[in-house]
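The values are calculated or read from the model by the stated rules, or taken from the named source; none is laboratory data. Quantities reported herein were computed from a predicted structural model and do not represent experimental measurements. Note that each Cβ is placed from the backbone with ideal geometry, even for glycine, and that neighbours are counted across all protein chains shown. For accessibility, only protein heavy atoms count, side chains too; no ligands or nucleic acids. Shrake-Rupley method; radii C 1.70, N 1.55, O 1.52, S 1.80 Å.
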Amino acid sequence: MSGSLLPSIVEDYRVLARKRLPRQLFEFIDGGSFAEETVAANRTDFARLRLRQRVLRPVGEVDLSTTVLGERWSLPIGLGPVGLAGLTRRRGELQALRAAQSAGTQFCLSTVALCSLEEVAAQSRQPFWFQLYIMRDRGFARELIGRAKAAGCRALVLTVDLAVAGLRHRDVQTGMTGGLDWVGRARVAADYARRWAWLWDVGVQGRPHLFGNLLSAVPNARRLSDFYQFTRANWDPSVSWADIDWIRSEWGGPLVIKGILDAEDATQAVKAGAQALIVSNHGGRQLDGVGSTISSLPAVVQAVGSDAEVLLDGGVRNGIDVLRALALGAKACLVGRPWIYALAARGEQGVAGLLATYRRELEISLALAGLTRIADVDRNALVQGTTR
Ligand SMILES: Cc1cc2nc3c(=O)[nH]c(=O)nc-3n(C[C@H](O)[C@H](O)[C@H](O)COP(=O)(O)O)c2cc1C
C-alpha cells in the first residue's frame, strides 16, 4: 500500500498518514508526552509475552464474537475515543463510526470530536459510546450527559487520566499549542498549503471545523481556536471520586472509567459504580514513565475480580497483541492511533481494512494457539514466566 514492505498494516497506514497530513497534525497524533518512554513501553511490553503454540487440536471453526457490557461485538476490538478525528478526514468521526458498525464492533465518540453527538446519532445504525471530559462548568457537563442520553448512547466513558494535559514536546515544537514566532507560523502555514489532497477533503469539504459538542458553550465560535479559551478555562483539575456519584446518577446507564493503571484506583472505581474500566495511559500522552498498559493489566484484573469488565488500550497493533491482552484478563481491546492513521490514510475504507486485518490476525493466532473461542482464552495461552 505505502509501497514499502512493512511488518504491520498499522505501520503502513502510519506512513501514508504522515505523507498526507499537515506535519503539525501528524505529530499531534503520533506523539506522546515528555521523552515518550511510555509510548515505547506500551509496544515493547507486548512483545515480551510469549504465546504457546498448540498443535493437533481441531480449530476449523473459530468464533471471535464476545460480549462487552451486554453488547454483542463480532470481535474483541473497538475504536476508542480520539479527539480531532474530523481534522484528518472529512467528517472523520462519521467515517470511523460506519466502519466500526459494519465490522460489528463499537465506536466511542470523543468530547472533543468535530462531529457532534447529534450529527453522529443521525448517521448511526445502533447505539454508540460517548466519552466525557468533566469541565469546571458542571451545568455544561450535565448538558452533555443529557445530550448523550438523547443521542441514544449506550455507555458513558469517563476519562480520568487528564487532570492536567501531559507535556507533549512535539506539539510545542510544531506550534500545535501555539507560541511560534511569525517565521514559525509562516512555515506551518506553508506546510498546510502544500497538502492538496488533505486541503480539498478536510479544509474545504470537511467544514465546519468546530468542536461540535462544545458549540453550545461557545456559540459564536467560527474556528477551532475560538474554543481554546473555553477549554483552558474549563479544564478541571479538581475532579475527584466524589464527582463520580453525581455523574452516575445523571447518566443512569453503563459507566466506563477510562485511564485506570493502578490496582487501588481500580478498586475505587468499582466502588464508585463503574461497570467497566479501561486500563489506559492515554496512549503514553499523559504521565510519561508510568507502566505500560499490558504490564498494568494483571493487577487491575485481580483487583476488580468479577465486579467489572476490564478493557485495555495502548500499543495494540495487531491481533496477536489482542490475544495477549485477553490472556491476561482483558474483555476486549480498544485502539486509538491505529484507527486514526487508517482514517487519515484511506478514510472509511482504511478503518474497515484495519479492522478486517485485526480480525484475520486474531483468527489465525487463536487457531495456532489451539483455541477456537474468545471465552476459552486465559493465561494458559501464554508461556509461564513471560507474564511478569
Ligand atoms: C490524537 C489522539 C487524540 C486522543 N483524544 C482522546 C480523547 O479525546 N479522549 C480520550 O479519552 N482519549 C483520547 N486519546 C487516547 C485514546 O483514547 C487511547 O487511550 C490511546 O490512543 C490508546 O493508545 P494507542 O494510540 O496506542 O492505541 C487520544 C489519543 C490520540 C492519539
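Contact map, segment 170-192: first residue at positive phi, second residue open to solvent by 90 Å² or more (accessible area, probe 1.4 Å) and at pLDDT 95 or above, Cβ cut-off under 8 Å, separation 6 or more or different chains; pairs are Gly175/Arg185. Taking segment 297-308 only, how many residues are out of contact with any strand residue (DSSP E or B) (no Cβ under 9 Å at 6 or more places or on another chain) and assigned to a loop (DSSP other than H, G, I, E, B)? Of the residues in segment 297-308, 3 are out of contact with any strand residue (DSSP E or B) (no Cβ under 9 Å at 6 or more places or on another chain) and assigned to a loop (DSSP other than H, G, I, E, B). Which condition does Ala242 not pass, out of (1) over 20 Å from Arg136 (Cα atoms); (2) loosely packed, with under 14 Cβ neighbours inside 10 Å, if it passes all the others? In the conditions (1) over 20 Å from Arg136 (Cα atoms); (2) loosely packed, with under 14 Cβ neighbours inside 10 Å, Ala242 misses (1) alone. Condition check for Phe211 on (1) in contact with a strand residue (DSSP E or B) (Cβ under 9 Å, 6 or more places away or on another chain); (2) under 23 Å from Glu119 (Cβ atoms): one failure, at (1). Out of curiosity, is Val270 within 14 Å of the ligand (Cβ to nearest atom) and modelled with pLDDT of 95 or more? No; evaluated as a whole, the condition is false for this residue.
For segment 263-296, residues that are more than 13 Å from Ala41 (Cβ to Cβ) and in a helix (DSSP H, G or I) total 9.
Quick grid of which residues meet (1) in contact with a helix residue (DSSP H, G or I) (Cβ under 7 Å, 6 or more places away or on another chain); (2) within 14 Å of the ligand (Cβ to nearest atom); (3) closer than 22 Å to Val204 by Cβ; (4) not small (Gly, Ala, Ser):
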{"site": "Trp73", "(1), (2), (3), (4)": "no, no, no, yes"}
{"site": "Leu79", "(1), (2), (3), (4)": "yes, yes, no, yes"}
{"site": "Thr88", "(1), (2), (3), (4)": "yes, yes, yes, yes"}
{"site": "Gln95", "(1), (2), (3), (4)": "yes, no, yes, yes"}
{"site": "Ala103", "(1), (2), (3), (4)": "yes, no, no, no"}
{"site": "Gln106", "(1), (2), (3), (4)": "yes, yes, no, yes"}
{"site": "Ala113", "(1), (2), (3), (4)": "yes, yes, yes, no"}
{"site": "Glu119", "(1), (2), (3), (4)": "yes, no, yes, yes"}
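Only a single item in (1) in a helix (DSSP H, G or I); (2) open to solvent by less than 20 Å² (accessible area, probe 1.4 Å) is not met by Phe230, and it is number (2).
Could you list all residues from segment 362-373 that are part of a helix (DSSP H, G or I), under 16 Å from Thr66 (Cβ atoms) and open to solvent by 20 Å² or more (accessible area, probe 1.4 Å)?
Glu363
When Val256 is tested against (1) open to solvent by 20 Å² or more (accessible area, probe 1.4 Å); (2) at negative phi; (3) within 16 Å of the ligand (Cβ to nearest atom), only condition (1) is not met.
I want to confirm something. Restricting to segment 99-122 and keeping residues that are surrounded by 23 or more Cβ atoms within 10 Å (Cβ to Cβ) and farther than 26 Å from Thr67 by Cα, which single residue is nearest to the chain's Cα centre (by Cα)? Among them, the one singled out is Ala113. Per the listing Leu366, Leu354, Leu371, the residue uniquely in contact with a helix residue (DSSP H, G or I) (Cβ under 9 Å, 6 or more places away or on another chain) and closer than 26 Å to Arg89 by Cα is Leu354.
Does Leu167 satisfy the condition of being exposed (fewer than 15 other Cβ atoms within 10 Å of the Cβ) and not in a helix (DSSP H, G or I)?
In short, yes.
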